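Below: one structure, written as structure tokens.
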Amino acid sequence: MGDAQQRRAPAEDDALFVQAPQMFATLANGFGRPDGEGDDGPVHDDIAAGPPTSDVLSAADGYIGDPAVRARWDGRYGERERLWSGQPNGALVAEVAGLTPGRALDVGSGEGADAVWLARGGWDVTGLEVSGVALERAAGHAHDAGVTVRWVHAGLVEAAFPAGSFDLVCALYPALLRTPDAAAERALLGAVAPGGVLLVVHHAGMDTQPVHDDGFDPADYVWPTMVAALLTDGWTVDVHEQRARVAPDGGAGAHHADDVVLRARRLP
Ligand SMILES: C[S@@+](CC[C@H](N)C(=O)[O-])C[C@H]1O[C@@H](n2cnc3c(N)ncnc32)[C@H](O)[C@@H]1O
């Protein structure tokens with residue numbers, strides 16, 4: 001499956017489709033701050049911050065991240081017209097419903113159901129995704145729903161968001177590769193603003209499964225307990241539990257029965 005840009009130009013008319021370098025500039029200019037200052041949408045001027053490190057792989061189309069990860073997920077999405085249910089995840093709805101809307105980052109936003117649900121609820125949403133195939137679908141869903149979401153085509157670590165950029169960072173069933181320096185876990189934590197909330201949800205029991213026949217090794221990935229292990233005195237853990245999953249109908253993950261839910265708040 002080729003790049004989203006080869007199939008159709010990003011839907012700039014109906015949703016902000018921001019490639020990672022523009023996102024850095026946008027963040028540097030203070031998008032979506034509660035006072036509205038600097039809230040002018042994507043910035044196309046010279047980039048004040050980022051790409052952050054020299055070894056980041058940046059494709060000509062602006063994607064920042066590991067090309068192999070993008071290719072793997074583009075391939076997975078390309079196998080079906082729609083991979084997930086199209087409905088917001090039950091754990092997101094349950095954990096976020098009582099929060100005051102602010103700036104939200106949906107990590108691994110997939111086909112966009114969670115990001116669209118957040119935007120409908122008044123959140124200023126950034127959807128971060130490695131798959132251009134998924135992002136294009138997500139932008140279409142946002143258009144259909146009549147909401148604006150800022151879509152960023154990058155890996156979480158490579159996106160290198162400025163510290164404390166979001167009032168809510170959520171990662172629902174993320175597929176973040178584990179590294180010795182816990183870069184993905186630290187990126188999740190670092191993106192949360194003082195007083196903000198981190199929500200990480202995954203399928204219970206997956207972390208202890210043996211290597212799958214297709215080569216998927218749970219030991220290669222980040223699980224909620226690994227994120228929880230890094231929560232220091234600067235955080236309160238509101239929820240860290242296993243519970244029955246409120247699963248949307250249909251979609252490739254519908255067979256998973258239980259979730260592990262981690263919700264923590266960074267102290268102001
Ligand atoms: C299991 S899917 C979950 C999608 C969505 N959150 C949902 O619940 O429907 C994991 C998603 O993470 C994305 N992904 C994988 N590695 C990523 C990374 N390093 N940074 C951001 N997204 C990533 C994949 O492309 C995929 O869309």
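Put in order of Cβ neighbour count within 10 Å, fewest first, the listed residues R243, R80, R265, R150 become R80, R243, R265, R150. Shown for T179, T126: other C-beta atoms within 10 Å of each C-beta, ranked fewest to most, produce the order T179, T126. By the gyration tensor of its Cα atoms, with a ≥ b ≥ c the square roots of the eigenvalues, what is the shape of the stretch 49-194: rounded for a/c under 1.5, prolate for a/b over b/c, or oblate? The shape class here is oblate. Here the extension length gained between Q87 and H240 equals 52.7 nm, from 0.36 nm per residue of separation less the Cα-Cα distance. Placing a label point 7 Å from the Cα of D181 along the Cα-to-Cβ direction, the residues of the stretch 209-230 whose backbone N falls under 20 Å from that point are 220-223, 226-230.
Scalar couplings 3J(HN,Hα) for the stretch 175-191, obtained by applying the Karplus form with A = 6.51, B = -1.76, C = 1.60 to θ = phi - 60°, are 10, 8, 6, 8, 10, x, 8, 6, 4, 5, 4, 5, 5, 4, 5, x, 6 Hz; x denotes Gly and Pro. Of the residues D167, D213, D144, the one with the fewest other Cβ atoms within 10 Å heads the list, and the complete ranking is D213, D144, D167.
Entry note, the stretch 100-207: relative contact order of 27 percent, from Cα contacts under 8 Å with a spacing of 6+ residues.
FYI, it's all coordinate maths here, none of it is from the lab. Keep in mind it's a predicted model, so treat the numbers as computed, not measured. No Cβ is skipped: glycine too gets one built from the backbone with ideal geometry, and neighbour counts run over all protein chains shown.
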